[in-house]
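> Structure incoming, see below.
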Amino acid sequence: MDIKSKTENQELEMVVKNSPNLVNIASPDGMMTFLNEAGQKMLGISQAEVEGYSIMNAFPKNLQEKLSKEMLPALQEKGFWEGDLQYQNAKTKKKIDVHSKCFSIKDEKTGKVKFYVNESSDITEKKRIEKIVENEREKFKTFFDSSNDAIMTLSPPDWKFSDGNAEAIRMFEVKDVKELISLSPVDLSPKNQPNGNPTSLEAKKYIMQALKDGKVSFEWVHKRYEGGNFPARVSLVRIKVKGDDFVMVTVRDTSEEKEIAKKIEERAKNLEKINGLMVGRELKMIELKKEITELKKRLSKK
């Protein structure tokens, strides 16, 4: 071996030795011949126990069949296998989620496997975070699907609807989500808003404000897909998905609320009118009583 090759081998050995990932070499019968320090710590075995340690013992029993039926055939036929696995620490019995890349090194002449090389990275924390995210996603989906408000998402760059819940389909009287996502908020609003401004400009203004400030709420006039305007209270919230900004839209139909407010206002006016009449009547009665009293005084003098 020349000096250059020897140096390269030494550098490779140092990289493997100091790698934070498990690196091991096993013979064709699955017995370990090498395991780096990170691997020893992960599997809970000492350097002295490495030689002759069956790789199968590193896995929980429920995965051993998968290794025999999936991983080994792939290594023998294709020379490579990659996927998520679990190791089990020999001392603590704790299970560790890993992502593994396995290679088979074959004899150039015979084509038979000389040994297997495996590199595994600990993804326990990644799996934990994924589980938390999945739980939160399920919670949001439950809220999304069961909400009494229409909830939709707007996607850049044209800010059309990209999703919507069952209430959105019902409120806007569209056929299904597919029909909804072909539309934008402008398509489900009259040409102008009550302040006289074009809906297209008002919609853009509020979307830009939500992107800038994170959220915004406002009164709006929407319309059903086949026509028919209705008042609404709209809330826009900026959300990030894989680094990109989207806008979540919540729409509450305030038709009934406005109708109730209108009736209350009308009743208040009627009560005010009745009260005014009653006050006027009381004043007239007081005047009448005064006049009667005056007449009585005059009659008594005569």
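Values in this text are rule-based calculations from the coordinates and carry no lab data. This structure is a prediction, so every number in the text was calculated from the model and none was measured. No Cβ is skipped: glycine too gets one built from the backbone with ideal geometry, and neighbour counts run over all protein chains shown.
> State the percent of C-alpha pairs, over all pairs in segment 147-253, separated by a distance greater than 21 angstrom.
On the way: 1528 of 5671 pairs.
When every Cα pair of segment 147-253 is considered, 27 percent fall beyond 21 Å.
> How would F115, F80 line up from fewest to most surrounding beta-carbon atoms within 10 angstrom? Please report the intermediate quantities before stating the final value.
Details: F115 15, F80 11.
Going from sparsest to densest Cβ surroundings: F80, F115.
> Going by Cα centres, segment 170-211 and segment 131-146 are how many Å apart?
26 Å
> Shifting gears a bit: Along the principal axes of its C-alpha atoms, what lengths does segment 22-100 span, in descending order and rounded to whole Å?
Its Cα atoms span 32, 23, 18 Å along the three principal axes.
> Please compute the Kirkwood hydrodynamic radius of segment 91-136 from all pairs of different C-alpha atoms, in Å with one decimal.
One decimal place: 13.4 Å for the Kirkwood radius.
> With a 10 Å Cβ neighbour count serving as the proxy for reagent exposure, in which order, fewest first, do T33, T142, T254 appear?
Numbers: T33 14, T142 10, T254 17.
With the sparsest Cβ surroundings first, the list reads T142, T33, T254.
> Can you give the FRET efficiency for N89 and K66, using 1/(1 + (r/R0)^6), R0 = 22 Å, r = Cβ-Cβ distance, to the nearest 0.05? It would help to have the intermediate numbers written out before the result.
Working: r = 19 Å, r/R0 = 0.87.
Here the calculated transfer efficiency is 0.70.
> Please work out the FRET efficiency for the pair A74 and R128, using the Cβ-Cβ distance as r and a Förster radius of 41 Å; give the result to the nearest 0.05.
Calculated value: 0.90.
> If you filter segment 59-125 for GluC sites (Glu not before Pro), then keep DSSP loop positions with at most 14 other Cβ within 10 Å, what is left?
Values: sites: E65, E70, E77, E82, E108, E119, E125; in loops: E108.
Loop-located and lightly packed - E108.
> When only DSSP loop residues count, what trypsin sites (Lys or Arg not before Pro) in segment 22-80 have their Cβ near at most 14 other Cβ atoms within 10 Å? Write down the numbers at each step before the final one.
Numbers: sites: K41, K61, K66, K69, K78; in loops: K78.
In loop regions of segment 22-80 (DSSP not H, G, I, E or B), the sparsely surrounded trypsin sites (Lys or Arg not before Pro) are K78.
> Assuming R0 = 30 Å, can you tell me the calculated FRET efficiency for the pair D187 and R137, based on Cβ-Cβ distance, to the nearest 0.05?
Values: r = 29 Å, r/R0 = 0.96.
Once the sixth-power term is evaluated, E becomes 0.55.
> What spacing in nm lies between the two simple spin-label points modelled at E49 and H99, each 7 Å away from Cα in the Cβ direction?
Taking the simple label geometry, E49 and H99 are separated by 2.8 nm.
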